[in-house]
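What follows is a single structure, written as structure tokens, with notes after it.
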Amino acid sequence: MTEKRETVKRTATKTAVEKKAAPKRSTAKKVTFEINAESVGFRAGDVYQALATAGKALSVAEIAKAAKISENETLLGMGWLFKEGKIKADGNMITLA
């Protein structure tokens, strides 16, 4: 009978230790978007509309917030608009050309 009690105690202790030792993992949200001419064109439109609505120079973060898109998507759209000559840089701020 003594042997059974020791076994039960060891199992209970081991389970408690295992629960404490298990680290909680956070689930990082990985945002992906498709890069093709159509999606980049839409992001360019979002960037242009954000700048036109603001009527002043904005930073990349401000444009992303106003257009409700990520900063990476904002940079893609800005690249398109820079290539077309629709926007220009004024220091760290972007304005319509």
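Readers should treat all values here as calculations from the given coordinates under stated rules, not as data from a laboratory. Note that this is a predicted model, so its numbers are computed, not measured. Don't worry about glycine lacking a Cβ; one is built from the backbone with ideal geometry, like all the others, and counts go over all protein chains shown.
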*Determine ³J(HN,Hα), in whole Hz, for all residues of region 68-77 in sequence, where each value follows from phi through the Karplus function 6.51 cos²θ - 1.76 cosθ + 1.60 and θ = phi - 60°; x replaces Gly and Pro.*
6, 9, 6, 5, 5, 5, 4, 5, 4, x
*Just the number, please: Stokes-Einstein D of region 30-97 in µm²/s, Kirkwood Rh from C-alpha pairs, 4 °C, 1.567 mPa s.*
111 µm²/s
*Output ³J(HN,Hα) for region 82-97: one whole-Hz value per residue in order, computed from phi by the Karplus curve 6.51 cos²θ - 1.76 cosθ + 1.60 with θ = phi - 60°, and x for Gly and Pro.*
4, 4, 7, x, 7, 10, 9, 8, 10, x, 9, 9, 10, 9, 5, 7
*Given H placed on each backbone N at 1.01 Å, which residues far from Ile94 in sequence or on other chains put an amide H within less than 5 Å of it?*
Leu58, Ser59
*Provide the per-residue ³J(HN,Hα) series for region 44-49, in order, calculated from phi with Karplus coefficients 6.51, -1.76, 1.60 and θ = phi - 60°, each as a whole number of Hz, with x at glycine and proline positions.*
4, x, 4, 5, 4, 5
*May I ask you to order 87-94, 63-70 by the average number of other C-beta atoms within 10 Å around their residues, highest value first?*
63-70, 87-94
